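Student: Sharing a structure with you now.
Any read-out appearing in this document is the output of simple, stated calculations on the displayed coordinates, not a laboratory observation. In this text, all values refer to a predicted model and were calculated from it rather than measured experimentally. Positions of Cβ are backbone-derived with ideal geometry, glycine not excepted, and every protein chain shown enters the neighbour counts.
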Amino acid sequence: MRVAGLNDLDDDIVNPKRFVIMTLLFTLRQLAEAELSKASGIQWGSLSTHLKRLEDKGYVERKKIITHRGPRTIVKITEKGYTKYIEEVEKLKEIIKLGESRKGEGEDFRA
């Protein structure tokens, strides 16, 4: 079995901000954009840009709804996004295991 490397990771998911977004949606399945912004700490403009990229890949979908407090946009992880997220997490686990197995083989550069 071939071990995943950094080049095998999908930047559309493992980008730090998109990874936070996908992790929240993986866990909670859906959130209003305002809740997602607050939970992730990502500002609206940046959030919108990252959601557009994830939406273009088919990993999330956005739907406008009317609530008693006015219109809201709900962001939901798709089945494709759910599956892809799991794949990327498994790749990250492989990379971590590889790093741990090589611990002690070379110099320790930690301060």
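Student: How many residues does region 55-83 contain that are among the hydroxyl-bearing types (Ser, Thr, Tyr) and assigned to a strand (DSSP E or B)?
Tutor: Residues flagged as among the hydroxyl-bearing types (Ser, Thr, Tyr) and assigned to a strand (DSSP E or B) within region 55-83 amount to 2.
Student: Mind checking which residues of region 19-67 are touching a Gly at 6+ places or on another chain (Cβ under 9 Å) and either more than 16 Å from Gly81 (Cβ to Cβ) or hydrophobic (A, V, I, L, M, F, W, C) (or both)?
Tutor: Val20, Met22, Leu25, Phe26, Leu54, Val60 - these are the residues of region 19-67 that are touching a Gly at 6+ places or on another chain (Cβ under 9 Å) and either more than 16 Å from Gly81 (Cβ to Cβ) or hydrophobic (A, V, I, L, M, F, W, C) (or both).
Rundown of residues vs (1) in contact with a Leu (Cβ under 9 Å, 6 or more places away or on another chain); (2) surrounded by fewer than 16 Cβ atoms within 10 Å (Cβ to Cβ), yes/no style:
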position	(1), (2)
Asn15	no, no
Val20	no, no
Ser40	yes, no
Leu47	yes, no
Lys52	no, yes
Lys93	no, yes
Glu100	no, yes
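Student: Determine the pairs where a residue that is in a helix (DSSP H, G or I), located within region 14-43, has a partner that is among the aromatic types (Phe, Trp, Tyr) with Cβ atoms under 8 Å apart, the partner being 6 or more residues away or on another chain.
Tutor: Listed pairs, sorted by first residue: Met22/Tyr59; Met22/Tyr85; Thr23/Tyr85; Phe26/Tyr82; Phe26/Tyr85; Glu33/Trp44; Ser37/Trp44.
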